[in-house]
Amino acid sequence: MSDRRRELPSVDRLLREPEVAALLEAAPRAAVVAAVRESLAAARTRRAGPPEDWAADIGERLAERRRPTLRPVLNATGVVLHTNLGRAPLADAAVDAITAIARGYSNLEFDLDTGARGRRSDHCRELLCRVTGAEDALVVNNAAGALVLALNALAAGREVLISRGELIEIGGSFRIPDIMGRSGARLHEVGTTNRTHLDDYRRALDAETGGILTVHRSNFEQRGFVASAEPADLAALAQEAGVPYLYDVGSGLLADLSAWGLTSEPRVVDALAAGAGLVVFSGDKLLGGPQAGCLVGPRELVARCRENPFARAVRADKLTLAGLAATLALYDDPAAAISSIPVLRMLTIDAAELARRAERLAARCPAELEPRTEPGESAVGGGSFPGALLPTTLVSLAPGALGADGLALRLRLGEPSVVTRVAGGRVVLDPRTLPDHAEDEIAAALAQALQA
């Protein structure tokens, strides 16, 4: 029996095939040739030999090659700040601002009044001061970068006191001790994992102390026999010792969400009110903007960060600044911020509205999936409000012969891509994190998944 793989055509022969040659009219030659070579390589390694239709196989490979690796997905998981799915969706005002700046030139580092060089750090400065009450502010590329910058600017070569209970690991295996080590500051642990008192800090103070740091445990909770020093007390101790007090609050919460039962996350304004010298937080979590790291506090401390050489290494780009500025402007009206910033809107959505959305979604799902609604819980995600569970109404689907994992996979690979939960052998959709009136898109994605 002859091996069909020995009779494979050459690259040139395939390129001369009319249907393959037609692909050259819509795509660069290099991309088509790469798809041809990939198709031939697959045929050599496949026991069944070449595909039934070379042109179709090459066309599919070409389409996949030209498809962006970063693309939109529909988040049906119910995790609002889903780190793997890009965290905070942006408000329309932020999207419009980014688009306007992306289309052409801007005054990123140009003073329009004087015609002289300006500073990019000025663009969000006033807005951050206005919404937090701080004297000065600086925006960099992310919160980890902001913390490294602050520690290097204020405590390089000296010890920084931190509770053992705050030596946390954040997403992507980044650990606070490692970040501190790279900053040039020396870690000095105080207290124990579960209990750290003000006297622990006081006893550790000496001539080598360059600062005191509090890191909010945003991605886990401690319960039971635990104790932590209050930020106001640490601020007073730092002032007494003549060293800066840094407070990394994590999520960048600006809004008051206590009316919706969300109270365990420190707000930026509360950290400043407690006397923190420099507050560090994210822009893309509960603040609801693009990825960014923000530092707010007294002019003297922020100025030392702004003038530090690391500031250029972690500076924010023009699109980040445009999106963050537009998001911060929405906080001038707290009610408008809740309704127009997607993260805040999803966290505060009414239970009755979620139930209505679930019913509409279930009605559009294919009957063969036996859609039903049932009570469930959403999560805040993004290392924010780790203990908070948000009541929701879920749409649960019976996957049939595909199995729950099989249907979930087809939904992820479809167009549009839909990311779901799998629980109890069923595929689960949470309307909390889906766009308003997403029923048509979900129905189309489900129909496509069942036909694949």
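Computed quantities for the displayed model
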{"quantity": "Which listed residue, of Gly383, Gly376, is part of a loop (DSSP other than H, G, I, E, B), outside the structural domain of Glu265 (by TED's automatic domain parsing) and not polar (S, T, N, Q)", "calculated": "Gly383"}
{"quantity": "So Gly210, is it out of contact with any Phe, Trp or Tyr (no Cβ under 7 Å at 6 or more places or on another chain), assigned to a loop (DSSP other than H, G, I, E, B) and either modelled with pLDDT of 95 or more or within 26 Å of Ala153 (Cβ to Cβ) (or both)", "calculated": "no"}
{"quantity": "Considering residues of the range 435-452 that are within 27 Å of the chain's Cα centre (by Cα) and in a loop (DSSP other than H, G, I, E, B) only, the residue surrounded by the most Cβ atoms within 10 Å (Cβ to Cβ)", "calculated": "Ala438"}
{"quantity": "Some residue of the range 364-373 being in a strand (DSSP E or B), surrounded by fewer than 23 Cβ atoms within 10 Å (Cβ to Cβ) and not basic (Lys, Arg)", "calculated": "yes"}
{"quantity": "Count of the range 404-422 residues which are more than 21 Å from the chain's Cα centre (by Cα) and modelled with pLDDT of 95 or more", "calculated": "9"}
{"quantity": "Residue in the range 359-402 that is modelled with the highest pLDDT, counting only those that are farther than 18 Å from Asp436 by Cα and polar (S, T, N, Q)", "calculated": "Ser396"}
{"quantity": "Any hit, the range 418-434, residues being out of contact with any strand residue (DSSP E or B) (no Cβ under 9 Å at 6 or more places or on another chain), outside the structural domain of Glu169 (by TED's automatic domain parsing) and either part of a strand (DSSP E or B) or exposed (fewer than 15 other Cβ atoms within 10 Å of the Cβ) (or both)", "calculated": "yes"}
{"quantity": "Spans of helices (runs of 4 or more DSSP H) in the range 102-193 with at least 2 residues touching a Ser or Thr at 6+ places or on another chain (Cβ under 9 Å)", "calculated": "143-155"}
{"quantity": "Within the range 324-342, tally of residues that are assigned to a loop (DSSP other than H, G, I, E, B) and either closer than 19 Å to Ser282 by Cβ or outside the structural domain of His123 (by TED's automatic domain parsing) (or both)", "calculated": "2"}
{"quantity": "Enumeration of residues in the range 257-280 that are in contact with a strand residue (DSSP E or B) (Cβ under 7 Å, 6 or more places away or on another chain) and not small (Gly, Ala, Ser)", "calculated": "Glu265, Pro266, Arg267, Val268, Leu272, Leu278, Val279, Val280"}
{"quantity": "Looking only at the range 246-302, and only at residues there that are of a type in the set (D, E, K, R) and outside any loop (DSSP other than H, G, I, E, B), the one that is farthest from the chain's Cα centre (by Cα)", "calculated": "Glu300"}
{"quantity": "So Ile98, is it surrounded by 14 or more Cβ atoms within 10 Å (Cβ to Cβ), among the β-branched types (Val, Ile, Thr) and touching a Pro at 6+ places or on another chain (Cβ under 8 Å)", "calculated": "yes"}
{"quantity": "Which numbered condition Arg345 fails, given (1) farther than 20 Å from Ser258 by Cβ; (2) in a helix (DSSP H, G or I); (3) without any contact (Cβ under 8 Å) to a residue 40 or more places away in the chain", "calculated": "(1)"}
{"quantity": "Residue match in the range 46-56 (condition: at pLDDT 90 or above and either of a type in the set (Ser, Thr, Tyr) or in contact with a Gly (Cβ under 8 Å, 6 or more places away or on another chain) (or both))", "calculated": "no"}
{"quantity": "Count of the range 297-323 residues which are surrounded by 19 or more Cβ atoms within 10 Å (Cβ to Cβ) and under 17 Å from Val95 (Cα atoms)", "calculated": "5"}
{"quantity": "For Arg312: the one exception among (1) under 30 Å from Ile179 (Cα atoms); (2) in contact with a helix residue (DSSP H, G or I) (Cβ under 9 Å, 6 or more places away or on another chain); (3) of a type in the set (D, E, K, R)", "calculated": "(2)"}
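The values are calculated or read from the model by the stated rules, or taken from the named source; none is laboratory data. Please read all numbers here as calculations on a predicted model, not as lab measurements. Note that we place each Cβ from the backbone using ideal geometry, even for glycine, and neighbour counts take in every protein chain shown.
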